[in-house]
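Laboratory data are not the source of any read-out in this text; all were calculated from the coordinates shown. What you are looking at is a predicted structure, and each value in this text was computed from that prediction instead of being measured. For neighbour counting, all protein chains shown are included, and Cβ atoms are generated from backbone atoms with ideal geometry for every residue, glycine included.
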Amino acid sequence: MIKNKQVRKAIIPAAGLGTRFLPATKAQPKEMLPIVDKPAIQYIIEEAVQSGIEEILIITGRNKRAIEDHFDRAFELEMTLKAQGKYDLLGLIEEIPNVAIHYIRQKEAKGLGHAVLCAKQFVGNEPFAVMLGDDIIDAEVPCLKQLMQVYEDCPGTILGVQEVAQEKVSSYGVVKPKVVKERLWQAVDLVEKPTLEEAPSRLAVLGRYIIEPEIFALLETTEPGRGGEIQLTDALRKLAQVQPVYAYEFEGRRYDVGDKQGYLEATVEFALKRPDLREGFLRYLKKNWGELVNGGEK
Ligand code: G1P
């Protein structure tokens, strides 16, 4: 029987090579690419903090120093802005969440399951959250908080899911669902990146998880799966055989910022939501729309 404990810790895997965004990611982590003016990973950290997370572990790899610098103090910059009386800019720096962030390096790129296993010591024996940096979710109630609310009534592993188009199922971990109640299913099985024929549903796991610590023992014995990598989905699938694993359809608009189209959609929509940018950007779009869609022809 799972005891209902509080979810206090989150892990954010950020060791990927970011090859989908080369050349931008040759010398800087993809997690630092800005959506409007904030690095993508700051949106994730903000969601964690707003959900009540107290400690974060970022799993990094080579080339990730910029992430550590971003969440560290920058005294020289702060002093300079203060001396120049630029308190509005100082405010933007102070808005970067000041939460306990730890870092560990994943020395080999062996997959998401292996990255999560690197957090075993940090997590200990409590339920924890996994937040994937490619998935930015714009929601009234932060996505992770929604999962935590479900966890209160249904302790166990909770996967954040949404329905995706049939032709997209092969990009995700997909759940075989059994209805529990509105928006909530038991995940009786899971498949990592199934073919159209293999897909047990269109409910895809979209980068937010609350996971019970029993996953670590299972990850330790999980063989490389899809793409030759140790897949978190494969360990979750084993977990589902021994304790409840739920799939919750969270509310909110999810952007796949690991993909160029998703990144552009997030950039445009977040800019249009910004009071300081909306009017000017909208005016620009309206004025130039015809020209933009006609590929530059007047
Ligand atoms: C990972 C997971 C997959 C999940 C997806 C969500 O895949 O392996 O199960 O559905 O993230 O974005 P990746 O996109 O890293 O290949």
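A Gaussian network model of the chain, with springs between Cα atoms under 10 Å, assigns the largest mean-square fluctuation among G61, G227, G52 to G227.
Across the chain, the convex hull enclosing all Cα atoms gives 162 Å³ per residue.
Entry note, the chain: the mean residue ellipticity at 222 nm calculated from DSSP H runs of n ≥ 4, each adding -39500 (n - 2.57), is -9500 deg cm²/dmol after division by the residues and rounding to the nearest 500. Quick one: net charge around L282, please, counting Lys, Arg +1 and Asp, Glu -1 for every other residue with C-beta under 15 Å from its C-beta. The answer is +3.
Applying 0.36 nm per residue to the separation of E265 and K120 and subtracting their alpha-carbon distance, the gain on full extension is 48.7 nm.
Measure nothing but the geometry: give the 0 to 90° angle between the long axis through the Cα atoms of 260-273 and the longest principal axis through the Cα atoms of the chain, rounded to 10°. Value to nearest ten degrees: 60.
Here the relative contact order of the chain, from alpha carbon pairs under 8 Å that lie six or more residues apart, stands at 21 percent. Highest GNM mean-square fluctuation among P224, P13, P23, for the chain modelled with Cα contacts below 10 Å: P23. With both residues required to sit in the chain, DSSP beta bridges show an antiparallel share near 60%.
For segment 161-298, the relative contact order works out to 22 percent when only alpha carbon pairs closer than 8 Å and six or more residues apart are counted.
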